[in-house]
2 protein chains.
Amino acid sequence: MAVVLLIEDDQPIREGLERALTRRGHVVMQAEDGLGGLRSAVDELPDVVVLDLGLPDIDGRDLLRMLRAVSEVAVIISTAQDGDQAAVECLDAGADDYLVKPYSAEQLDARVRAVLRRGRTQSPDAVVMVGELVIEPRPHRVTLRGEEVALTRKEFELLSYLARHAGAVVSKRELLTEVWDQPFGGGERTVDVHLSWLRSKLGESASDPVYLHTVRGVGVRLSPPG
Amino acid sequence: MAVVLLIEDDQPIREGLERALTRRGHVVMQAEDGLGGLRSAVDELPDVVVLDLGLPDIDGRDLLRMLRAVSEVAVIISTAQDGDQAAVECLDAGADDYLVKPYSAEQLDARVRAVLRRGRTQSPDAVVMVGELVIEPRPHRVTLRGEEVALTRKEFELLSYLARHAGAVVSKRELLTEVWDQPFGGGERTVDVHLSWLRSKLGESASDPVYLHTVRGVGVRLSPPG
DNA sequence: ACGAACCGTCAAGAGATCGTCAAAACTTCC
DNA sequence: GGAAGTTTTGACGATCTCTTGACGGTTCGT
């Protein structure tokens, strides 16, 4: 259970999500524009903010930056169209996850839980498990279904980062800055190549993904199969 | 009083121990498989874990390693048969104590108290065992499969440091600062050369490692074979 | 349907790391 | 002071790893 703030200008959507999340045990607050949302975020200190892009009064990216400036709250972006450039920029600007409308309340609930779980377990040496994939940072070892998978350093760092953000879509820009320490453009093929190697070592292919899904126009997502 | 996590797949045993320990003033949490146990250990931060070998989902030794990787929690091994080889290996891998079933709740309580009293202080004079490799700081002696291995001082210090961090990858930089007292760069070949000596004296080679594994781009790891 | 953007993979070369040798520098102990 | 043993350092080759550009297939917008 968590305290969730919905910032969404479409009233039917907002109230539908509100009911669904409340039924799943969350405390839900609502705001119909960016200004009100910002005020609520400051006053009520929610655990998660679900932020709709395309608000009437403020650009979503600006509001995200303001939220980031005033609190550590987790932010899930909600956007109308897939492959939205603004959504990618939001992920790069520190959003925790992202959903494309229309999405079910169940999906949203899953993301909320994932974001919260992640926030509590953020130790650099912690073992990360995604399905049958186990990443142990200290021995620098990865096992899939109990079998050890031999990875190079970059591959390991890449997989670790994705696993710590399991379930979330991660943009290549974010990977370049976080894993490659290159806050500037260029070399996006590098990420692709490493992802390709990872896939082959995990025994899957881009056309038939199991753990490592590419979300065209947005980034990649590591999530358990099924 | 302590927070105790029971990882045990047999429900009657688990609940019996739970009642008995609760009556003696402990806070008790339960997990019926390895995965759930690991989650609880991370989320609830118990003081002691009582770990049953022979769980349905994960090998006990592997789980112990994972527990060790995520926290400093004390671990008491619970095994079905005396003289169990796996139990011995667990002690080598850093378990704090072990009990053979069937045991009374009173015995378990005593072990829990003893483990907590002992604290998690690793004295520099403690004998360290990694697989069949035994390092005794006091007489300054190392034996492998009972055979004494003649090491020079630096070789011994290097091996000791690696053994105290058995199972974890240690970077050369770390070795330089901790074993060589040189917090600055330079001389990385020194470490390599000593590792080379060590390997040859332990009767293994870099291309076919048994205890001493190099993780390219990261460091080295001392871990039991198998 | 066409072009643009995106993505996956290949191949090749640049770059970094590691293991070992041998010689120099340093200790220790007679 | 010298000899034996120990440690450090530089050099070098053999990998292993990373990056980059090219190319073809796919998706998406117009």
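Could you tell me how many of the residues in the range B:166-188 are buried (at least 18 other Cβ atoms within 10 Å of the Cβ) and more than 16 Å from DNA strand C (Cβ to nearest atom)?
Selection size over the range B:166-188: 2.
Being closer than 20 Å to B:Ala69 by Cβ, within 11 Å of DNA strand D (Cβ to nearest atom) and in contact with a helix residue (DSSP H, G or I) (Cβ under 8 Å, 6 or more places away or on another chain) is true for just one of A:Ala166, A:Ala150, A:Ala206. Which residue is that?
Every option except A:Ala150 fails the conditions.
Inspect all residues belonging to the range B:171-181 and state whether any of them is more than 14 Å from every other protein chain (Cβ to nearest Cβ), more than 9 Å from DNA strand D (Cβ to nearest atom), under 22 Å from the mean Cα position of the chain (by Cα) and more than 23 Å from A:Arg141 (Cβ to Cβ).
No, the range B:171-181 contains no residue that is more than 14 Å from every other protein chain (Cβ to nearest Cβ), more than 9 Å from DNA strand D (Cβ to nearest atom), under 22 Å from the mean Cα position of the chain (by Cα) and more than 23 Å from A:Arg141 (Cβ to Cβ).
What pairs come up if the first residue lies in the range B:192-213 and is of a type in the set (Lys, Arg), the second is crowded, with 18+ Cβ neighbours inside 10 Å, and their beta carbons are under 7 Å apart, counting only those six or more places apart or on different chains?
Listed by first residue and then by second, the contacts come to B:Arg199/B:Leu212; B:Lys201/B:Val149; B:Lys201/B:Leu151.
Quick check on the range B:182-199: of everything there that is among the β-branched types (Val, Ile, Thr) and in contact with a helix residue (DSSP H, G or I) (Cβ under 9 Å, 6 or more places away or on another chain), which residue is farthest from DNA strand D (Cβ to nearest atom)?
Checked the range B:182-199; the qualifying residue farthest from DNA strand D (Cβ to nearest atom) is B:Val191.
Can you say whether A:Gly36 is at pLDDT below 90 and of a type outside the set (Val, Ile, Thr), as far as the supplied structure shows?
For A:Gly36, the condition - at pLDDT below 90 and of a type outside the set (Val, Ile, Thr) - is not met.
Given the conditions (1) charged (D, E, K, R); (2) within 14 Å of chain A (Cβ to nearest Cβ); (3) more than 10 Å from DNA strand D (Cβ to nearest atom), report the number of the one that B:Arg216 does not fulfil.
Only one criterion is unmet by B:Arg216, namely (3).
Taking the stated definitions as given, is A:Gly219 surrounded by fewer than 13 Cβ atoms within 10 Å (Cβ to Cβ) and either at pLDDT 95 or above or closer than 23 Å to A:Val112 by Cα (or both)?
no
With the condition kept exactly as written, say whether any residue in the range A:116-139 is buried (at least 20 other Cβ atoms within 10 Å of the Cβ), within 30 Å of A:Ala2 (Cα to Cα) and more than 14 Å from chain B (Cβ to nearest Cβ).
Checking the range A:116-139: not a single residue is buried (at least 20 other Cβ atoms within 10 Å of the Cβ), within 30 Å of A:Ala2 (Cα to Cα) and more than 14 Å from chain B (Cβ to nearest Cβ).
Only residues in the range A:22-33 that are in contact (Cβ under 8 Å) with a residue 40 or more places away in the chain count as the first member; pair them with residues that are in a loop (DSSP other than H, G, I, E, B), Cβ under 9 angstrom, at least 6 apart or cross-chain, and list the lot.
What qualifies is A:Arg24/A:Met1; A:His26/A:Met1; A:His26/A:Ala2; A:His26/A:Asp47.
Would you check which residues across the range A:140-166 are at pLDDT below 90 and under 24 Å from B:Gly226 (Cβ atoms) and list them?
The answer is A:Gly146, and nothing else.
If only one of B:Asp57, B:Asp43 is within 20 Å of A:Val128 (Cα to Cα) and at pLDDT 85 or above, which one is it?
B:Asp57
Please state which one of B:Thr190, B:Thr143, B:Thr214 is farther than 30 Å from B:Ser78 by Cα and touching a strand residue (DSSP E or B) at 6+ places or on another chain (Cβ under 6 Å).
Sole residue among the options that is farther than 30 Å from B:Ser78 by Cα and touching a strand residue (DSSP E or B) at 6+ places or on another chain (Cβ under 6 Å): B:Thr214.
Only helices (runs of 4 or more DSSP H) wholly contained in the range B:1-71 count here; list those with 3 or more residues that are within 13 Å of chain A (Cβ to nearest Cβ).
The qualifying helices (runs of 4 or more DSSP H) are B:34-44, B:60-70.
The values are calculated or read from the model by the stated rules, or taken from the named source; none is laboratory data. Just so it is clear, the model here is predicted, and its values are computed rather than measured. Don't worry about glycine lacking a Cβ; one is built from the backbone with ideal geometry, like all the others, and counts go over all protein chains shown.
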